[in-house]
Amino acid sequence: MHFFRYRGKDFYAEGVPVSRIAKQVGTPVFIYSHKTLNRHYEAFHKAFSGVPHIICYSVKANSNLAVIKTFVDEGSGFDIVSGGELFRALKAGADPKKIVFSGVGKTRDEIEYAIKKGILMFNVESPQELREINKIAGRLKKKTRIAIRVNPDVDPRTHPYISTGLKKNKFGIETEEAVKEYIYARRYLKNLEPVGVDCHIGSQITQLSPFIDALRKTRELVRLLRDQGIAISHLNLGGGLGITYEEERPPHPSRYGQAVIRETKGLDNLTLIFEPGRAMVGNAGILLTRVLYTKKGTMKNFIITDAAMNDLARPSLYGSYHAIKASKRRAGEELTADVVGPICESGDFLARGRELPALAPGDLLCVMSAGAYGFSMSSNYNSRTRAAEVMVKGRTYSVIRKRETFRDLIRGEVY
Ligand code: LLP
């Protein structure tokens, strides 16, 4: 559920016609709906209202300060994967006690930064990392909470690039080894406090069963560790809940919540942690782009837009589908075309073989569901300045990131 729709002939973000934003801010531009962000957070939060829980929004999905701040205002925690994300979260006013730090390759500097800031816990992904955190915590004289990210070997049935909970993936520690590590940590790594069990099996998951399989495995691990006298107080089930891009029917957070609550009944004194990214922001954002040219080839029609794979990498990288709507609704003949950007690669497309109304240079297109892994994965490839970002709130909007300039492109470069 989101707040982008046609009103009459024009496409609106909440109460603002997107054509007005294009006129005043230019294109390409990412447009986010504040009301949708609130709604998504609240739906997730409500789904777990009966049990102790912390929602740690996964910053990587969209790390704009205004987006983070929107979730800070809702009382959200944050899942971070780098010092940069920690910096952003703290700048936006996040409570460090609600921050979890995931990722397979945390550097010493990042670990030190996070310990000094007093984050809730590290999600540890290897035995070496565990020892490294213990060492740094000892030097800083700060006992540090950890969870071990276990790899439950569950197939999330999603794109292979975003599956993370299989044995062949680089993430986490296999369960049996994890048990040994917990016991070792308790006995020898005195600067650590093992308080959590963590897992994250993948992204854009549209069925409940993989979550439940992973949950059953991690639940048993919590029991086993508690039997060993290790006081596990937190179970982190990661993120991964999918959204509708095309015709997917992912479970609603409330259904996911009911299933999780049912499966964790009987485990007392346990706080659940979730790290949703896409489900919070994916459908709360669109990418607005202008048609530069249209071109009829002998085999294909092309719509050439001012947005490209550097702005939205998902179609090129994963073959992802994003719906595309014209900002002015019109009847009439449709034509099948590829929507492509100006970048010098055949892989630069936003959509392929799409039925679209007849378009002309200057027309505006809305690339839907671009709030997650859109701007945050964008780059300056082909020395293209990165897009502006706008937050709409009712009938008003603000620019929450200025469009980059040529000067921004060469900042820090020397010859
Ligand atoms: N927690 C961990 C440890 C993660 O690695 C991720 C995402 C999340 C939480 C949030 O997952 P979400 O709720 O957003 O599914 N660039 C890809 C997605 C990569 C996901 C990486 N990890 C895409 O555009 O589809």
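Here, each number is a calculation from the coordinates, and none is a lab measurement. This structure is a prediction, so every number in the text was calculated from the model and none was measured. As a convention, Cβ positions derive from the backbone with ideal geometry for all residues, glycine included, and neighbour counts pool all protein chains shown.
The table below gives the values:
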item	result
Residue among LEU237, ILE324, VAL51 farthest towards the positive dipole end of the chain, charges placed on Cβ	VAL51
Tilt relative to the chain, helix 209-227 - C-alpha long axis, 0 to 90 degrees, to 10	20 degrees
Contour minus Cα-Cα distance for ARG139 and GLN24 (0.36 nm per residue)	36.1 nm
About the Cα centre, charge dipole magnitude for the chain (Lys/Arg +1, Asp/Glu -1 at Cβ), debye	920 debye
Point-charge dipole on Cβ atoms (K/R +1, D/E -1) for the stretch 358-415, about Cα centre, debye to 20	220 debye
Ranking of SER58, SER369 by count of other Cβ atoms within 10 Å, fewest first	SER369, SER58
Cleavage-rule hits, chymotrypsin sites (Phe, Trp or Tyr not before Pro), the stretch 120-182, DSSP coil, Cβ neighbours within 10 Å at most 16	none
Full-extension gain in nm, LYS46 to LYS190, via 0.36 nm per residue minus C-alpha separation	48.1 nm
Rounded to 10°, Cα long-axis angle of helix 253-263 versus longest principal axis of the chain	20 degrees
Set of aspartates and glutamates near LYS265 by C-alpha distance (under 19 Å), chain-local residues within fewer than 8 positions excluded	ASP198, ASP213, GLU220, ASP227
The chain: angle of helix 34-47 to the longest principal axis, Cα-based, in degrees nearest 10	30 degrees
Pairs beyond 32 Å (Cα-Cα), from LYS168/LYS300; LYS98/LYS217; LYS106/LYS393; LYS117/LYS180	LYS168/LYS300; LYS106/LYS393
Among ASN191, THR271, ILE68 the positive-end extreme of the charge dipole of the stretch 34-280 (Cβ point charges)	ASN191
The stretch 113-152: trypsin sites (Lys or Arg not before Pro) in DSSP loop, at most 14 other beta carbons within 10 Å	LYS141, LYS142, LYS143
FRET efficiency estimate (nearest 0.05) - Cβ-Cβ, PHE87 to LYS265, R0 51 angstrom	0.85
